[in-house]
Amino acid sequence: MKILRSIHSLNPAVGGPIESVRQSSASLESLGHKIEIVTLDPPDAPWLGAYDFKIHALGPGRGSYGYTSKLTRFLETTSADYDAVVVHGIWQWNSFGVWRALRGKATPYFVFPHGMLDPWFNRTYPRKRLKKNLYWRWGEFRVLRDAAAVLFTSEEEKLLADKSFTPYRCNGVVVNYGTASPACDLDSAREKFTNRFPELRGKRVVLFLSRLHEKKGADLLIEAFAQFARDHDDIHLVIAGPASDEVYSGVLRQLASERGAAVTFTGMLRGDEKWGAFAAADVFVLPSHQENFGIAVAESLACGTPVLVSDKVNIWREIVQDKAGFADSDDVAGTLRLLTKWFQLPPAQATEMRVHARRCFDARFEIRNASESLLAVLDRYVPRSH
């Protein structure tokens, strides 16, 4: 099968589904399928060289929406070359442009909303909701309505999407989602990471690795950690990830300083250093206010590192069910309970949970399982003539 994936940007600093697109594309090609990617990045974007797939970089588009007539022209002339088009993300031209070019065409398209229909965004950003309401009826409503299938990464995400905007109609399907196991030696990666941050040696590391955005709840973690660490001088918090909002990043640093917490801000970690952070961590924490999946959660499990998540991370039930971590509310009190629960575990139970973490990853989130799940949906809707 020849598949075209449409995404606004492949810039890793943007976060979101980018790493999973890269990993799953490699997995799909290993299964004998051909993958190409169309993006609204400019052709000379420096991060494009990191990808081994054929990339059609048609940007830059106009503003944050990314409008460019090049996308529809490209799809109108090449759509017959592809068996399916998979759209990643909504609210930008890479989704509406696909709808505009492919409506009425034989090539089906599929949409991953990637949590962008969660009602949390409407509650948190009421002004943006007004703009989205105006755009919805003639924009994303039609994108989702006419898609062969709208792909959700959990049943929770699918249920929440139905509560965001009206009218709402789509063929919603839940598929597996995930990432690849680390391709490096974790012991060496851990050593590389701690060499760069020697203050972590001999400490039990609490790791947060994600974009520094208010929805991720890093401020909750710093507050809870500062309270818990008053009586535990052997633990250290690591905040890793790019700053999607410089103001919020500054707030986090000031908060850590004011609370006198032992916190290291690493910035964005890539490659072996990222895997080394997971391997060095005693536990991974993501107290998000909204998270449709959380690739970093799956990456932590792949390293055998248990996870502490809020019950707004949509895969929290699977984590708890598999005894791969704990879940609680997305507030300071809930995050403090998570830390307390983890650090009060007897060593034997903590070791057992590390085993469960890796088993959870293998059973649910390993990239080959996710690729096969996606292919099963595509096979169901791609015309046999393709």
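The values are calculated or read from the model by the stated rules, or taken from the named source; none is laboratory data. Not measured: the values here are computed from a predicted model. Neighbour counts run over all protein chains shown; Cβ positions are idealised from the backbone, glycine included. These accessible areas exclude ligands, DNA and RNA; they are computed on the full protein's heavy atoms, side chains included. Shrake-Rupley method; radii C 1.70, N 1.55, O 1.52, S 1.80 Å.
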log10 I(q)/I(0) for region 42-112, Debye formula on C-alpha points only (no solvent), q = 0.11, 0.21, 0.23, 0.28 Å⁻¹, two decimals, reads -0.27, -1.00, -1.17, -1.40
Output needed: percent of Cα pairs per 10 Å distance bin for region 289-386, bins running from 0 to the one holding the longest distance. 16, 40, 26, 11, 5, 2
Taking the Cα centre of region 252-365 as origin and charging only Cβ (+1 Lys, Arg; -1 Asp, Glu), how large is the dipole, in debye to the nearest 20? 100
Of the accessible area of the chain, computed with a 1.4 Å probe and all protein chains kept, carbon and sulfur make up a percent value of 49
Cα convex hull volume per residue for region 95-174 (Å³): 83
Find the accessible area per residue for the chain; the probe is 1.4 Å, ligands and nucleic acids are left out, and the unit is Å². 42
Residue-averaged 222 nm ellipticity for the chain, from DSSP H runs of 4+ at -39500 (n - 2.57), nearest 500: -12500 deg cm²/dmol
Quote the convex hull volume per residue of region 88-239, based on C-alpha atoms, as a whole number of Å³. 166
Cα-based Rg then Dmax for region 210-292, in Å, read 12.5, 34
State the three equivalent ellipsoid semi-axes of region 9-77, derived from the C-alpha gyration tensor as the square roots of 5 times its eigenvalues, in descending order and whole Å. 21, 15, 10
So, counting K/R as plus one and D/E as minus one, what does the shell of residues with Cβ under 12 Å around S25 add up to? 0
Any idea what % of Cα-Cα pairs in the chain are farther than 32 Å? 34
Separation of region 280-354 and region 81-146 by C-alpha centroid, Å? 31
